[in-house]
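Notes to accompany the following structure.
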Amino acid sequence: MRLRYIELFHAVMTTNSLTGAANLLNISQPAASKALQQAEHQLGFTLFHRVRGRLHPTEQALLLRPRVEKIIRDLHDLERLTANFARPESEPLRVTCTPTLAQSLVPDATTLLRKALPAATAELSTRHSAEMCESLTLRETDIGLTLQDASHPELRQEPLCQGRVMVIAPPGRWSPAELAQPLPVAALAGEPMIGIAVQDALGSLLQSHLMHVDPPPQISVWVQTYQLACALVAQGAGLALVDPFTASQGDGGVVQTRPLALELDVVLYAVYRLDSQLNPVQKHFIELVRKLARQVLEPG
């Protein structure tokens, strides 16, 4: 199926008429009609039935539609990419990150990037670490940001900064003197806590440490995100173990935060393909993320 037939097919599916398709493609209606006949002749089956002046897709056309739409999306991406080659500073920045990092770190870094490079464009998304690796290898995105070890044979992971696991509590739980000291893991014994059911390495490690606390913490609520745990803690539901970025969102009296006395570093990684050379915009963005992360993870 030739590219011009694919574009015509998509235009007809979008407008439900040859006239609308012709206008969309900036060609005449007779030319569109002739091209559709040629496409159907080449394929050997009918794509559309005409009913009261409208074109209705056949069963075969409906089966083709998802693949054709993907091709059209890829064509649009190719057009955007080639349009940016003339201006390297405007090459699209395609970043995916875990939900935790989407709360402040990535938006803040993107804002600073746009101030420094007003012509830069950005496409941001959130994914969990496994989905992130797939997105990068499929070239849907170019940079991933995660707090997990994303070891993958086709990807390079660059550690940007590291911090500590944090304990968060409702306001007023700890005195100023207590806040200055890390909290021993044993101090969680018998405490009401929010359970973290996050399917990642950090969540699994935290749960394994809690299993050895005696008596075990009292967990009646389990959550899938650190952000939800923070919201529940702020409402007095108990303590929670979270990453330092989530803990930083509670600054200002929403929750109290203390580092956990546990030899377990939380590392922020930038992940990208081994076969790709980072362009100036991507390098600048990663450096902004590094700088902002250190302000959170390494205060003072």
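Summary of values
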read-out: Qualifying residues in the range 43-61 (those that are in a helix (DSSP H, G or I) and under 13 Å from F9 (Cα atoms)) - the one farthest from the chain's Cα centre (by Cα); value: L43
read-out: Tabulated pairs, the range 13-42, first at positive phi, second surrounded by 14 or more Cβ atoms within 10 Å (Cβ to Cβ), C-beta under 7 angstrom, 6+ apart or interchain; value: N16/L55
read-out: Search result, residues across the range 27-69 that are among the charged types (D, E, K, R) and farther than 16 Å from Y5 by Cβ; value: R50, R52, R54, E59
read-out: Test result for Q207, closer than 26 Å to Q103 by Cα, in contact (Cβ under 8 Å) with a residue 60 or more places away in the chain and surrounded by 14 or more Cβ atoms within 10 Å (Cβ to Cβ); value: no
read-out: Residue that is surrounded by the most Cβ atoms within 10 Å (Cβ to Cβ) [pool: residues in the range 246-268 that are at pLDDT 90 or above and under 22 Å from the mean Cα position of the chain (by Cα)]; value: L268
read-out: Residue match in the range 232-251 (condition: touching a His at 6+ places or on another chain (Cβ under 9 Å) and within 24 Å of R127 (Cβ to Cβ)); value: yes
read-out: Positions within the range 155-172 being charged (D, E, K, R) and either out of contact with any strand residue (DSSP E or B) (no Cβ under 8 Å at 6 or more places or on another chain) or modelled with pLDDT under 90 (or both), in sequence order; value: R164
read-out: Odd one out for A120 among (1) surrounded by fewer than 16 Cβ atoms within 10 Å (Cβ to Cβ); (2) farther than 26 Å from L228 by Cβ; (3) hydrophobic (A, V, I, L, M, F, W, C); (4) touching a Ser or Thr at 6+ places or on another chain (Cβ under 8 Å); value: (1)
read-out: Candidate set: the range 177-193, residues that are closer than 14 Å to T257 by Cβ and modelled with pLDDT of 90 or more; chosen: the one farthest from the chain's Cα centre (by Cα); value: E178
read-out: Residue in the range 180-188 that is surrounded by 19 or more Cβ atoms within 10 Å (Cβ to Cβ), in contact with a strand residue (DSSP E or B) (Cβ under 6 Å, 6 or more places away or on another chain) and farther than 30 Å from T110 by Cβ present; value: yes
read-out: Strands (runs of 3 or more DSSP E) fully within the range 189-300 counting 3 or more residues that are closer than 24 Å to L145 by Cα; value: 240-242, 256-261, 265-273
read-out: Residue within the range 1-13 that is more than 30 Å from E140 (Cβ to Cβ) and either under 41 Å from the mean Cα position of the chain (by Cα) or outside any helix (DSSP H, G or I) (or both) present; value: no
read-out: Search result, residues across the range 95-123 that are touching a helix residue (DSSP H, G or I) at 6+ places or on another chain (Cβ under 6 Å), over 13 Å from V289 (Cα atoms) and of a type outside the set (S, T, Y); value: L117, A119, A120, A122
read-out: Any hit, the range 130-145, residues being touching a His at 6+ places or on another chain (Cβ under 9 Å), closer than 30 Å to P184 by Cβ and either surrounded by fewer than 16 Cβ atoms within 10 Å (Cβ to Cβ) or at pLDDT 90 or above (or both); value: no
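Here is a yes/no grid of residues against (1) of a type outside the set (D, E, K, R); (2) modelled with pLDDT of 80 or more; (3) touching a Pro at 6+ places or on another chain (Cβ under 9 Å):
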residue	(1), (2), (3)
L64	yes, yes, yes
L75	yes, yes, no
A83	yes, no, no
A86	yes, no, no
C97	yes, yes, no
L113	yes, yes, no
A119	yes, yes, no
A122	yes, yes, yes
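The values are calculated or read from the model by the stated rules, or taken from the named source; none is laboratory data. Note that the structure is predicted; figures quoted are calculated from it, not measured. Counting neighbours? That spans all protein chains shown, and the Cβs are built from the backbone with ideal geometry, glycine included.
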